[in-house]
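Engineer: Let me begin by handing over the structure; questions about it come next.
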Amino acid sequence: MHRTFVRCATVGLAATLAALALTGCSESEAPDCGALTVKEPWVRVAPAGAEVMGAYFTLSNTGDAKVVVNGVTSSQFDRAEMHETVVNDNGQASMQPLEKVTVPAGESIDFKPGGRHVMLFNPTQPYAAGDQVELILACGSQNAELPVAATVRAEQPGAQNEGDTARGMDHAMDHDMAPADHADEGAAADDAATAS
């Protein structure tokens, strides 16, 4: 009986140590915004009377723990939502809401036209190129706030051609359509640039 007890205790101890080792290997999560930084935040200027604008930036996590962004808000808009443009097997693009975005330790995630982005609905006033928009990112289990000052721009920082500008404008103007009606943002702008 003593041997059976020792074997069971040894097996139980080994299983516990293995579980602890696996737990130690998984990436921990920051309870707040950790070492998250936001690079090149900008908001695409929209035509007069537009009810939606798009915000873009790069999230960079230089810390040792992953950071989870739970959402974005702005007091300058009725609401803000994180979205991702997804292309299906038939080549049709649609937008899907993102509840959360996880930025692994030591990595960056881009929010850019044609990919992840933040939709800003019903601005409290018209915004022109050069204006500032404050975005608030909510991070981690504590929903810690990370304020970000984004500049309203006609084109993305470092844009080389008009196609980048047209891509965002088409997106902002067509956002109220059903998701299945969204055309690929990049293809429409590239076709327009090629035709001119």
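Engineer: List pairs: first in region 117-133 and of a type in the set (S, T, N, Q), second in a loop (DSSP other than H, G, I, E, B), Cβ under 7 Å, 6+ apart or cross-chain?
Structural biologist: Sorted first by the residue in region 117-133, then by its partner, the pairs are N122/E51; T124/Q76.
Engineer: In region 37-85, which residues are over 26 Å from G158 (Cα atoms) and either open to solvent by less than 30 Å² (accessible area, probe 1.4 Å) or under 12 Å from the mean Cα position of the chain (by Cα) (or both)?
Structural biologist: G63, A65, V67, V68, N70, G71, F77
Engineer: Within region 24-36, can you find the residues that are open to solvent by 40 Å² or more (accessible area, probe 1.4 Å) and free of Cβ contacts under 8 Å to residues at least 40 places away in the same chain?
Structural biologist: G24, C25, S26, S28 - these are the residues of region 24-36 that are open to solvent by 40 Å² or more (accessible area, probe 1.4 Å) and free of Cβ contacts under 8 Å to residues at least 40 places away in the same chain.
Engineer: If you don't mind, another one. How many of the residues in region 143-163 are of a type outside the set (A, V, I, L, M, F, W, C), surrounded by fewer than 12 Cβ atoms within 10 Å (Cβ to Cβ) and at pLDDT 95 or above?
Structural biologist: 1
Engineer: Any residue that is more than 14 Å from the chain's Cα centre (by Cα), open to solvent by 50 Å² or more (accessible area, probe 1.4 Å), at pLDDT 95 or above and within 13 Å of G54 (Cα to Cα) - is there at least one of those in region 112-124?
Structural biologist: yes
Engineer: Out of region 28-63, which residues are among the aliphatic types (A, V, I, L, M), closer than 19 Å to E81 by Cβ and not in a strand (DSSP E or B)?
Structural biologist: A46, A50
The values are calculated or read from the model by the stated rules, or taken from the named source; none is laboratory data. Note that this is a predicted model, so its numbers are computed, not measured. Please note: Cβ atoms are built from the backbone with ideal geometry, for glycine as well, and neighbour counts cover all protein chains shown. For the accessible areas, the whole protein counts, side chains as well, though only heavy atoms, and no ligand, DNA or RNA atoms are used. Shrake-Rupley method; radii C 1.70, N 1.55, O 1.52, S 1.80 Å.
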